[in-house]
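K.L.:
Before we start, here is the structure in question, set down as structure tokens.
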Amino acid sequence: MIDPKIFYRKIDTLLASKSHNVSGADYLIELLKQFELNFGTDLHICHGRIYENRGLFFELLYPKDNNGALKQLDGDTKPMQALLKTSIYIFDNKDFTIDKRAVRKREYSIPAALVVNSLDTSWLFVFELTAGWVRDEIDFCFNAIRRALNYRLFSEALKSELQMTAKIQQSLLPSEEPRFEGYDIAVFSQAAELVGGDLYDFFNFDKNEFGFCLGDASGHGLPAALMVRDVVTGLRMGVEQHMKMVHTLKKLNEVVYRGTYSSSFISLFFGELEASGNLFYMNAGHPSPYLIYDNKVTELQPTGMVIGAFPKMELSRSFVFMEKGSVLVIFSDGIVERVSPEGEFFGNELLIDVVKNVRHKTAKEILEDLFNIADEFGQGLKWDDDATILILKRNPA
């Protein structure tokens, strides 16, 4: 009997050795060749072939030269239905077989088949068994191959979907920092997974007024990314219709609450900045941004609850004045909750100290210094949560 651990190790090595750039039919054909080459003698299998699902029948995909194999297998026959139901079948009865060609031989060559599935189609791997084969070995090894291939095909398909989702999400967010006379602006966001749950956006109302926001959806990954899409769309619709932002956020709360699970929510900071330095803002349960001027630190605390947690929300506007040379730092909690190998959090105090020490620099330099120091704080550990920083600095002169 083949040692299961050794067999699984060989299968993993075989799958890992195949390029991820090769996919679909070409990938399966190459794997079948390698599988027969590596395990043909031990399992007593030969003449491997692949059939691809065409709806009512399976069509021969490999070998191209036919080599005596049936070109099509009818999906409605009882032997085929038995295979599709169990995913693995050894046709050791010539009166119950998927391969009528084999029956006509002087000595019946026993077909053994397994079903491989992806998100949108399926394939059959069919081999002929030679003298010395053992049923338990065939069942065990074919099942291991089937499960490993199914996992690989599903993972690749889901990865492609997530990559497409990431591109859509990236297209929703601004691709470059905006310009607002008298101010220096920089932003950076890093997702913990392929797609993230942080958002930011900018709104140029006119030359004297500028809007911006930064939000953080609960969790991360695909569910959070879908929430980001809805919130960004809702905010832009409100701005384009010149709606009051308090009213817009309250309506957005109702939509998010009805359209998602009750445990899903998003924190959001929204600011309307005048060229004179007047900043009107709403903080819907978001980590308090800091306005830093010289050694003075002003905390822009929440003015309402997070969006989507309750059917109705109370939200108000607040006001702060940005002096020339002051720095406003807005961030998601992925920054302050960055963890060191010793289990310590980066924290708000260290964030404030870093910004104080580099406040004389440009917005981009302040952002880069802050993010790099937070990243180094984790000493190479993966980010546990999405991390976003928005720096808005009023020019000194």
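The values are calculated or read from the model by the stated rules, or taken from the named source; none is laboratory data. Predicted model, so just to flag it, every value in this text is computed and none were measured. Backbone-built Cβ (ideal geometry, glycine too); neighbour counts: all protein chains shown.
K.L.:
What strands (runs of 3 or more DSSP E), lying completely within the stretch 283-338, carry at least 3 residues that are free of Cβ contacts under 8 Å to residues at least 40 places away in the same chain and on the phi < 0 side of the Ramachandran plot?
P.N.:
Those strands (runs of 3 or more DSSP E) span 296-299.
K.L.:
Filter the stretch 179-215 down to residues that are touching an Asp or Glu at 6+ places or on another chain (Cβ under 8 Å), of a type in the set (D, E, K, R) and in a strand (DSSP E or B) and give me whichever is surrounded by the most Cβ atoms within 10 Å (Cβ to Cβ).
P.N.:
Asp198
K.L.:
Ok, one more. With the checklist (1) at pLDDT 90 or above; (2) in contact with a Ser or Thr (Cβ under 7 Å, 6 or more places away or on another chain); (3) not assigned by TED's automatic domain parsing to the domain that holds Phe371 in hand, flag the one item Trp123 doesn't pass.
P.N.:
(2)
K.L.:
Moving on to the next point. If we scan the stretch 254-272, do we find a residue that is under 16 Å from Gly211 (Cα atoms), touching a residue at least 60 places away in the same chain (Cβ under 8 Å) and part of a loop (DSSP other than H, G, I, E, B)?
P.N.:
no
K.L.:
Still on this structure, I have one more. Contact list please: Cβ distance under 7 Å, first residue in the stretch 169-190 and on the phi > 0 side of the Ramachandran plot, second residue surrounded by 17 or more Cβ atoms within 10 Å (Cβ to Cβ), pairs at least six apart or on different chains.
P.N.:
Gly182/Arg394
K.L.:
Scan the stretch 65-81 for residues that are assigned to a helix (DSSP H, G or I) and either of a type in the set (A, V, I, L, M, F, W, C) or touching a residue at least 60 places away in the same chain (Cβ under 8 Å) (or both) and jot them down. Working first, answer last.
P.N.:
Narrowing the stretch 65-81 to residues assigned to a helix (DSSP H, G or I): 78-81.
Within the stretch 65-81, just Met80 meets the criteria.
K.L.:
Ok, one more. Taking the condition of being closer than 16 Å to Val116 by Cα and of a type in the set (S, T, N, Q), how many residues in the stretch 52-103 meet it? Outline the logic, then answer.
P.N.:
Step one: list which residues in the stretch 52-103 are closer than 16 Å to Val116 by Cα, which gives 52-55, 57-62, 73, 75, 80-90.
Right, trim to of a type in the set (S, T, N, Q) and you get 53, 81, 86-87.
Result for the stretch 52-103: 4.
K.L.:
Just one of the numbered conditions (1) touching a Lys or Arg at 6+ places or on another chain (Cβ under 9 Å); (2) part of a helix (DSSP H, G or I); (3) modelled with pLDDT of 90 or more is not true of Leu61; which one?
P.N.:
Looking at each condition in turn, Leu61 falls short on (2).
K.L.:
Could you tell me which of the residues Leu315, Leu328, Leu367, Leu351 is over 23 Å from Ala191 (Cβ atoms), modelled with pLDDT of 95 or more and surrounded by 19 or more Cβ atoms within 10 Å (Cβ to Cβ)?
P.N.:
On the way: Leu315 fails: modelled with pLDDT of 95 or more; Leu367 fails: over 23 Å from Ala191 (Cβ atoms); Leu351 fails: over 23 Å from Ala191 (Cβ atoms).
Answer to the check: Leu328.
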